[in-house]
Amino acid sequence: MEKDKLGKLIEENAKTYENLSDAVWESPELCYRETTAAELHAETLKGAGFSVTYPAYGINTAYLAEFGQGCPVIALLSEYDALDGMSQEADANVRTPIIPGGPGHGCGHQLLGTAVVEAAAAVKTVMEKEGIKGTLRVIGCPAEEGGGGKVFLIRAGAFKDVDIALSWHPNDEHGAQDTALAVVIAFFSFTGKAAHAAAAPEKGRSALDAAELMNVGTQFLREHVSDDVRIHYAFHDVGGLAANVVQANAKLQYVIRAKKNATVLDVYARICDIAKGAALMAGVEAAEPVIVGAYADFIPNSTLGSLVNKYQNAFLPIDYTEEELAYAKRFQKDGKAAEPICTKPPKKSEGPGGSTDLADVSWVVPTGAFYSACSALGTVPHSWELVAQGKSSIAHKGMHHAAKVMAASALDLYADPALVKAAKADFAKATEGESYNSLLPEDAKPW
């Protein structure tokens, strides 16, 4: 189908998907609790004529929607989980939580998932009109934000017969999404002995001391790791709020990232040793660390990267009104942004800055992905500012752009078997001599 006709098809149904995105924004749900979002997606896809399985793959908030038969099998991957503590009123450019401490869509997954559903509906319409052969799937992927949903989907066989996977992510710029840091997310727990901190301090053994000593040891470790390593931590249990009690319990979450899986595992092992040493110094017990999330590094695919880049450019520029430009400027308080909203062509990859379980998918099937501008230029991911812009017309326009890019890319892949063959050849070359082994323990379960 011609680009302009496909664009018009998506624009004709734009309001339906803007309403879907807004409904998901209004009901932000955390990892593996995304029942409202998954149900809304499933109902929309069923209404569009897909065969829908929900729940799917043994995960309560995963779904599978399918149309057509035969090869190639192209899967569009949706996400729809929110972030804790990101609650924010729509359009407010000052911190105004709807529910203090509540969740919000600080990573734009309400847009991500909806654009996938929107693209799938458009592709199905064209397949029916033009008699295109092949299988189209939408795989609803929960728990990207630390829960490793796609890792469990891989283990459940969701990608065993998939030829190509496509997805995207909201951003403040247009660009390639073909790199990601490998990551391990783990909990470290300490158990000591409570005592009166003034009357009998010698009888107490502080778990909180061990946690703090672990953090100090990790600070020294930072000097002896490669530049690509990132180590973050947060306290999940400080043993209570009474300073005159020796804290008997403490719990830390650690997030360890690096460009390669092997580096992450090496640094993780060293941090485990630091935790043991901290426990010895504090005279407390250290539990076995618990890995709750782990993502691989990303395997780029030049064929699919070129394909999505072609259509990113083809559907640009996005037209913005003066009101939309003024709206974006309200969120650019430092005045450093070059323009209110990104109008530049897609950027080439500048190296990984975050982590995603989409990278795990890239190890088992050729995967193409990209970024689309959905917020004021300079908006930081995982921020309340991004939440605030999540229902704006700027966000909606970026979402529709992403849907057009995915739909056009998928239709090219159905029409040209050589493209699928080339993508598979890229995948084989990139993974030559290496096999996928998730960093997530085999006995791990969805939360």
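Note on region 152-170: among residues that are surrounded by fewer than 24 Cβ atoms within 10 Å (Cβ to Cβ) and in contact (Cβ under 8 Å) with a residue 24 or more places away in the chain, the one that is nearest to PHE315 (Cα to Cα) is ASP163.
Within region 174-196, is even one residue part of a helix (DSSP H, G or I), touching a helix residue (DSSP H, G or I) at 6+ places or on another chain (Cβ under 9 Å) and in the same structural domain as ASP412 (by TED's automatic domain parsing)? No, there is no match, as no residue in region 174-196 is part of a helix (DSSP H, G or I), touching a helix residue (DSSP H, G or I) at 6+ places or on another chain (Cβ under 9 Å) and in the same structural domain as ASP412 (by TED's automatic domain parsing). So, PHE220, is that one farther than 28 Å from THR379 by Cβ, modelled with pLDDT of 95 or more and part of a strand (DSSP E or B) or not? Judged against the criteria, PHE220 is not a match. Within region 227-264, restricting attention to residues that are within 25 Å of the chain's Cα centre (by Cα), surrounded by fewer than 16 Cβ atoms within 10 Å (Cβ to Cβ) and of a type in the set (A, V, I, L, M, F, W, C), the residue that is modelled with the lowest pLDDT is ALA262.
Just to be sure I understand, how many residues within region 184-220 are among the aliphatic types (A, V, I, L, M), over 15 Å from ASN249 (Cα atoms) and surrounded by fewer than 16 Cβ atoms within 10 Å (Cβ to Cβ)? Full working, then the answer.
Restricting attention to region 184-220, the residues satisfying the condition of being among the aliphatic types (A, V, I, L, M) are 184-186, 194-195, 197-200, 207-208, 210-211, 213-214, 216.
Checking the rest, the ones that are also over 15 Å from ASN249 (Cα atoms) come to 184-186, 198-200, 216.
Next, from what is left, pick out any that are surrounded by fewer than 16 Cβ atoms within 10 Å (Cβ to Cβ): 198-200, 216.
Final tally of qualifying residues: 4.
Set side by side, the residues LEU77, LEU112 differ, and just one is modelled with pLDDT of 95 or more, under 22 Å from ILE59 (Cα atoms), outside any helix (DSSP H, G or I) and of a type in the set (A, V, I, L, M), which is LEU77.
Say whether the condition of being loosely packed, with under 15 Cβ neighbours inside 10 Å, in the same structural domain as THR343 (by TED's automatic domain parsing) and either among the aromatic types (Phe, Trp, Tyr) or touching a residue at least 40 places away in the same chain (Cβ under 8 Å) (or both) is met by at least one residue in region 387-401.
Looking through region 387-401, at least one residue is loosely packed, with under 15 Cβ neighbours inside 10 Å, in the same structural domain as THR343 (by TED's automatic domain parsing) and either among the aromatic types (Phe, Trp, Tyr) or touching a residue at least 40 places away in the same chain (Cβ under 8 Å) (or both).
Of the residues SER409, SER438, the single one that is modelled with pLDDT of 95 or more and of a type in the set (S, T, N, Q) is SER409. If the Cβ limit is 9 Å and pairs must be 6+ apart or interchain, which residue in region 84-107 that is of a type in the set (Asp, Glu) pairs with which residue that is at pLDDT below 95? What qualifies is ASP84/GLU145.
Looking only at region 26-65, which residues are in a strand (DSSP E or B) and crowded, with 18+ Cβ neighbours inside 10 Å? Passing the criteria: VAL52, ALA56, ILE59, TYR63, LEU64, ALA65. There is at least one residue in region 404-417 that is among the charged types (D, E, K, R), surrounded by fewer than 18 Cβ atoms within 10 Å (Cβ to Cβ) and in a helix (DSSP H, G or I).
The values are calculated or read from the model by the stated rules, or taken from the named source; none is laboratory data. Keep in mind that what you see is a predicted model, and the values were worked out from it rather than measured. Neighbour counts run over all protein chains shown; Cβ positions are idealised from the backbone, glycine included.
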